[in-house]
Amino acid sequence: MNSKQAMVYHCSGCDTFNVQRIGRIVEKNRSVKFHPGNGPPVGPNCEHCSATHQIGGPMWAEPLHDAGFVQRLLCSVENSADRFNTAQRMVGMLSVASEELPDCPMFYCLDKLSSVVRVNCPPLLAVRSAILHAGYQVSLSHTCKTAVKTDAPPHVIWDIMRGWAKQNPVNPNRLSSDAVASTILGKEAGIEANFTIRADANPASRQKGLKRFQENPPNWGPKARAGRGEEAQEDRRRRLQGKRQQEQLDLKQFPCKRFKQGQCEYGDDCRYSHNLGEETNSTSSNSEQEKE
C-alpha cells in the first residue's frame with residue numbers, strides 16, 4: 001500500500017510540487033521486494049524561486065480512474081441518454097476522465113502559473129502544444145477548466161512560462177515588488193518554448209464541444225444591489241412633488257436680514273420676506289406672548 005501512496009512537497013512561493021512515493025517496489029529474478037521510498041526529492045528551498053517547501057500527504061499516487069470501467073459507463077450513458085437529464089454533461093465528464101494521464105496525480109492551473117510570474121494567461125492549446133513539442137505527455141483534468149496534467153518536470157513548465165513572458169513582456173513595475181516572479185523570470189530558460197499549435201494538442205472532448213464541466217444556474221452569483229421598484233419610485237416622486245416650492249413658501253414668513261441691512265441682491269427672487277411690516281407684527285406678537 002505504501003508504494004501506492006505519496007507525499008507532496010509544495011513550494012510556498014511558486015506552488016511548484018514534487019511527488020515522493022512512500023514506498024517502492026524492486027523486482028529482481030522473479031522476486032518482488034518492497035522498500036521504503038528514497039527522499040526527499042527537493043532541498044530545503046525551492047530551486048525555482050528559493051521559497052520554502054511545505055509537506056502534505058499521504059495521498060493516492062496511482063491512477064484515479066479504472067479506464068475499462070469509465071469506457072463501459074460512457075457507452076452505457078450514450079446508449080441511454082434519454083434516461084438522464086444531465087446526460088450531455090455526464091458524457092463530457094466521462095470523456096475527459098478517459099483522456100486523463102493515468103500516472104500523473106497532480107496538475108497545474110494555467111491561471112495560477114500566470115499569476116505567479118505576472119503575465120497574461122496563455123491559451124490552453126498553446127501551452128499543451130509547447131509541452132508536446134518539448135517531448136512530454138499532456139492531458140486535461142476533470143476537476144478544472146484551466147488544468148494541465150503532464151509528466152513534464154517543473155523546470156520545463158517554468159521554461160515554457162519564461163518563453164511566454166518573453167513573447168508577452170511583463171510590466172517592470174509589477175516585478176519590482178514581487179521577489180518570486182523576479183527570481184523565476186530572471187533565470188535563463190533551459191529549453192526554447194515552441195507555441196506552434198499542434199493538431200494533437202486539442203483533445204477529442206474539446207473538439208466535439210462536449211459539456212465537460214458543471215454549468216452555473218442562470219441566476220448564479222451576486223447581482224447588482226437591489227434598487228427601488230418602478231412603482232415605489234413613482235410613489236416617491238408624487239410624495240416629494242412640490243416639496244421644494246413649499247419650502248420656499250414657508251421661508252417667506254421670515255424677514256430677510258440682508259434686505260433690512262440694504263445688502264440683499266436677490267430682489268423679488270429672494271426666498272425670505274422683504275416686508276418689514278411682517279417683521280414688526282411678528283415682533284409685537286412675540287412680545288405679547290412673553291408678557292402673558
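The values are calculated or read from the model by the stated rules, or taken from the named source; none is laboratory data. The shown structure was predicted, so the numbers you read here are calculated from the model rather than taken from an experiment. Neighbour counts run over all protein chains shown; Cβ positions are idealised from the backbone, glycine included. We work out accessible area using only protein heavy atoms, side chains counted, and drop any ligands, DNA or RNA first. Shrake-Rupley method; radii C 1.70, N 1.55, O 1.52, S 1.80 Å.
Listed values, structure above:
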item	result
Backbone N under 20 Å from the Ser80 label point (7 Å along Cα→Cβ), restricted to the stretch 91-128	91-95
Net lengthening on full extension, Met106/Asp235 (0.36 nm per residue, minus Cα-Cα)	40.5 nm
Taking N as its residue count, the alpha carbon Rg of the chain over 2.2 N^0.38 Å	1.93
Centroid-to-centroid separation of the stretch 122-172 and the stretch 30-56 [C-alpha atoms, Å]	23
Cα coordinate range in the stretch 1-78, projected on the principal axes (Å, largest first)	49, 42, 17
5 angstrom amide H check on Ser273, placed H, neighbours 5+ away	Phe254, Cys256
Mean Cβ count within 10 Å, highest first, over the residues of peptides 213-221, 67-75, 109-117	109-117, 67-75, 213-221
Value of Rg/Rh across the stretch 78-167 [Cα atoms, Kirkwood radius]	1.08
Per-pair calculated FRET efficiency, R0 = 45 Å: Glu62 and Asp178 via Cβ, rounded to 0.05	0.75
The chain - accessible surface per residue (Å², probe 1.4 Å)	68
Gain on full stretching of the segment that runs from Asn219 to Arg30 - 0.36 nm per residue minus C-alpha separation	61.9 nm
Carbon + sulfur, % of accessible area of the stretch 63-165 - ligands and nucleic acids excluded, 1.4 Å	54
Within the chain, percent of DSSP bridges classed antiparallel, to nearest 5	95
Amide H contacts of Arg24 (H built 1.01 Å from N, under 5 Å, at least 5 apart or other chain)	His35, Gly37
Span-rule helices in the chain, defined as complete DSSP H runs reaching 24 Å or more along the axis (Cα) with Kyte mean at least 1.6	none
